[in-house]
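Note sheet for the following structure.
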Amino acid sequence: MTPKRKKKRRLYVVVPLALLVLLIGAAMAVYFWQIRLQKPVEIDMSGHRHGMDATAAAAGAHYHAPAGQSVSCDSLVAGETSGPTRTFELTASRKTLKLDSGKTVEAWTFNGSSPGPELRVKEGDRVVVTLRNRDIADGVTLHWHGIKVPCSQDGVAGVTQDAVLPGEEFTYEFVAGEPGTYWYHSHQMSSVQAKKGLMGSLIVEPKAESGTIAADAEASAFYQRLDSSLLLNGSARGFNVPAKGGEEVRLRITNADNETMKFSVDGASFQVVAMDGHDLHEPGWLEGAIVAVGAGQRYDLLIRLPEAGKAVVRSPSADDPAITLGSGPEPERAEGGVPFSFLDYGTPLPEDPEREAKPDRRYELKLGQSLFVNTINGRSFHEIPPLTAKAGEKLLVAISNEGGGDHPFHIHGHTFRVLSKNGVPLRGSPVVLDTLLTHKGDVYEVLVNADNPGLWMMHCHNLGHASMGMSMMLNYEGLTTPYRVGTKSGNLPDL
Ligand SMILES: [Cu+2]
């Protein structure tokens, strides 16, 4: 080989290698910048004062509530109810769990299990839950996903309370409002702690006299991923709901994983009777439809068993745990079903003033994602200006998914009405959600009723995305908090 060729050959090695090192360096720089952004020293999420930026605060580059009108989130507590008080205790602790697949998992549990115990209450009950932390070093909280709790009970570390450290406790109190399927999870370092197992189901049963859809039986199906195992009510195998031919079973599906899950119902027709806990109006019967449930969302299905044989609810992956209903021969597997769409499902309400409501404010949220950065309107976490509202206002929020995967967008303390998708207004039942599943390219318009004054997180419920910056606030004017997010307090709600 001539020296010239040797040199050329060396270049073939050196140039790509240098480029690779440069690329890795750049990626790491962005990554650490992100980590820093998620771990500020001290931030007031009410937007009143940024501990990081003393000059901006001194210069008055922040907004103030009008004098005498500031209200602390801490002072907003549970209201009155004639219902009974239901008390629960949840203790967070580390535990080695043996799954029914034989695998062992180092989990973080409530009362020794993951998911924690299912909390069942009735509409109108006063719910009192004492959270204790045995040995989760970074502290824990309880967030009541989908429930309109008062600000002080929302369980967001650094916004509505300090994280509960080992040996400490915190008692939550709220009135169970609208009946439906909800869940709870820690909102301290949520992406880490949910993955480790700190979550569980919360069912609000209707009062006997209220007229929700009747079923012969009901069952909860709580999906989570624990150390890469997909679990259904804590089982890697699934379960059976005993029921007879022709009976109707209400199946409450919660997706507590970070990815969208798809379900088919083989061997039976079914209705989607509720989404995120809210009943749909005159839902129609479906056959062979595929239901996509976004991370954090709940779908209640009413499944009518065939006269003979069983029904099976499953995801497309054969390894995933499935739910069988009834007994008898296996149904045929439905193939290539049509995706369920709520755009024209059910029927409109005869009278629906909310549909014509004039919004008081309009906002646009563009959800964006690249390899290391997750953004809303091009910014991340506390650098995203909060949405602001006054009590009683209606906010029209356009939410668009600019790519990077599914973004199930969740708003704390509120529900919202979905008005349109990609410019097409909904034609069927009103759809009221707390978590909106968006796919790449989707644009939704939703109407948020600002009826719960406080400081509320809004974030992607792919908690990995939230931890990378897709997390912001909806703040009512004049609301303050004594708590701080950051490394100084140790409160890092979405890390
Ligand atoms: Cu996302």
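Structure summary
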| quantity | calculated |
| --- | --- |
| Relative contact order %, the chain, counting alpha carbon pairs below 8 Å whose residues are six or more apart | 17 |
| Whole-Hz couplings from phi, Karplus 6.51/-1.76/1.60, listed for segment 199-204; x for Gly and Pro | 7, x, 8, 9, 10, 9 |
| Value at 222 nm in deg cm²/dmol, rounded to 500, when DSSP H runs of n ≥ 4 in the chain each add -39,500 (n - 2.57) | -3500 deg cm²/dmol |
| ³J(HN,Hα), Karplus 6.51/-1.76/1.60, whole Hz, each residue of segment 322-327, x for Gly, Pro | 10, 10, 9, 10, x, 9 |
| Unit charges on C-beta of K, R, D, E only; dipole of segment 294-450, Debye | 380 |
| Under 12 Å, Cβ to Cβ, from W456 - net charge with Lys/Arg +1 and Asp/Glu -1 | -2 |
| Isolated Cys in the chain, by beta carbon distance under 4.7 Å | C460 |
| Residues with amide H under 5 Å from that of G454, placed H, sequence gap 5 or more | Y476 |
| In nm, spacing of pseudo-spin labels at S70 and R361 (7 Å Cα→C-beta vector) | 1.8 |
| Residues whose placed amide H lies under 5 Å from that of L479, excluding near-sequence neighbours | V71 |
| Euclidean distance of C-alpha centroids, segment 378-411 and segment 79-123, integer Å | 31 |
| Nearest-20 debye value, segment 70-204 charge dipole, Cβ charges on Lys, Arg, Asp, Glu | 520 |
| Ratio of the Cα radius of gyration of the chain to 2.2 N^0.38 Å, where N counts its residues | 1.03 |
| Against the rule of thumb 2.2 N^0.38 Å, how large the Cα Rg of segment 217-325 comes out | 1.00 |
| Residue exposure sequence - F88, F110, F222 - by fewest surrounding Cβ within 10 Å | F88, F222, F110 |
| Positive minus negative residues near A318 (Lys, Arg vs Asp, Glu; Cβ under 14 Å) | -1 |
| Cα coordinate range in segment 268-320, projected on the principal axes (Å, largest first) | 31, 29, 14 |
| Amide hydrogen neighbours beyond the local backbone of F88, cut-off 5 Å, H modeled | V128, V129, T130 |
| Cα gyration tensor shape for segment 401-471, rounded if a/c is under 1.5, else prolate or oblate | oblate |
| Order by protection proxy (mean Cβ within 10 Å, highest first), peptides 454-460, 214-220 | 454-460, 214-220 |
| Residues W108, W285, W183, sorted so that the one with the fewest Cβ neighbours within 10 Å comes first | W285, W108, W183 |
| Calculated from backbone phi, Karplus (6.51, -1.76, 1.60) coupling profile of segment 151-160 in Hz, x at Gly/Pro | 3, 5, 10, 7, x, 9, 4, x, 10, 10 |
| Under 9 Å, Cβ to Cβ, from P425 - net charge with Lys/Arg +1 and Asp/Glu -1 | +2 |
| Which of I384, I136 has the fewest Cβ neighbours within 10 Å, and the rest in rising order | I384, I136 |
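Values in this text are rule-based calculations from the coordinates and carry no lab data. Model, not experiment: these values are computed from the prediction. Note that each Cβ is placed from the backbone with ideal geometry, even for glycine, and that neighbours are counted across all protein chains shown.
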